[in-house]
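Chemist: The structure under discussion is supplied below as C-alpha cells; questions concerning it will follow.
Just so it is clear, none of the values below were taken in a lab; they were calculated from the coordinates. Model, not experiment: these values are computed from the prediction. Note that we place each Cβ from the backbone using ideal geometry, even for glycine, and neighbour counts take in every protein chain shown.
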Amino acid sequence: MNDIPDSVPRAYQNEIFQHAIRKNIIAVMGTGTGKTLIACMLIKYMHSIPLRKGSQKKVGLSRMQDGYS
C-alpha cells in the first residue's frame, strides 16, 4: 500500500474520518467533496491495525441513488 500517494485531507474530511474510525457512519456528500479520499484514509487506517482473533474488518461504499442530493 506504500505506492498510494498521500494526500492532505481538508479539515472536514479529517473530521469525518475521525468519526468513521470511532463508529459506523454514513457520509452523504456532494460530487467532488473527497469521499474517495476519506474511504482511502479509512482503508489505510484499518489495514494498519492488528486484526483481533475472530474479528473482521469491513468498509462499505455505495453511490447515491437518483433523487438524492
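Chemist: Testing the spin-label approximation: label points 7 Å from Cα along Cα→Cβ at T33 and Q18. State their distance in nm.
Modeler: 1.8
Chemist: Now for a separate question. Give the peptides 28-37, 51-60 in descending order of average Cβ contacts within 10 Å, highest first. Could you put the intermediate results ahead of the total?
Modeler: Values: 28-37: 12.2, 51-60: 7.6.
Those peptides, ordered most packed to least, come out 28-37, 51-60.
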